[in-house]
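> To start, I am sharing the structure in question, which I have written as structure tokens.
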Amino acid sequence: MAERSSQNHCREELARARGTREQIPEVVRRLVASCEGAACFDHVGPEPIPSRSAVIDIVHRSRRILYPGYFI
């Protein structure tokens, strides 16, 4: 009985995953469409954008925190 319940659960999970995967192309299309104009990439607002070197430093520090000993 438990095996049958497990099989049903797996089938339900698979059906849910398929439904989610089917939504991905539409979500991607909408995201791309929302950034088609040049205004999408304009920086508007009082917040400064970090420099390239600052972003690289942040990424390196994050790697050391998330994966200690892996990125040396």
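Coordinate-derived values only; no laboratory data. Everything numeric here is computed off the predicted structure, so don't read it as measured data. Quick reminder, even Gly has a Cβ in these numbers, built from the backbone with ideal geometry, and neighbours come from all protein chains shown.
> Which value in Å does the Kirkwood hydrodynamic radius of the chain take, with 1/r averaged over all unlike C-alpha pairs and then inverted?
Roughly 17.5 Å, rounded to one decimal.
> Also, quick follow-up: Run lengths n ≥ 4 of DSSP H only: what is the helix-derived mean residue ellipticity at 222 nm for the chain, with -39500 (n - 2.57) per run over all residues, to the nearest 500?
Estimated from H runs of four or more residues: -23500 deg cm²/dmol.
> Report the chymotrypsin sites (Phe, Trp or Tyr not before Pro) located in segment 12-72 that are in a DSSP loop and have at most 15 other Cβ atoms inside 10 Å of their Cβ, or state none.
Taking segment 12-72 and a limit of 15 other Cβ atoms within 10 Å, the loop chymotrypsin sites (Phe, Trp or Tyr not before Pro) found are Tyr70, Phe71.
> What is the sum of charges around Phe71, taking Lys and Arg as +1, Asp and Glu as -1, for the other residues whose C-beta is under 11 Å from the C-beta of Phe71?
Numbers: positive: Arg61, Arg63, Arg64; negative: none.
The answer is +3.
> Counting Lys and Arg as +1 and Asp and Glu as -1, each charge on the Cβ, what is the dipole of the chain about the Cα centre in debye, to the nearest 20?
Dipole magnitude for the chain comes out near 280 debye.
> Which one, Val59, Gly45, Gln23, projects farthest toward the positive side of the charge dipole computed for the chain from Cβ point charges (K/R +1, D/E -1)?
The Cα lying farthest towards the positive end belongs to Val59.
> Roughly what would the spin-label model give for Phe71 and Cys40, points 7 Å off Cα along C-beta, in nm?
That separation, rounded to one decimal, is 2.7 nm.
> Okay, next question. Which value in nm describes the separation of the simple spin-label points at Ala17 and Arg52, placed 7 Å from the Cα toward the beta carbon?
4.1 nm
> Now for a different question. Just in the chain: which GluC sites (Glu not before Pro) are loop by DSSP and have at most 13 other Cβ atoms within 10 Å?
Listed in order of number, the matching sites are Glu36.
> Let me ask you something else. So what's the angle, to the nearest 10 degrees on a 0 to 90 scale, between helix 2-34 and the longest Cα principal axis of the chain?
30 degrees
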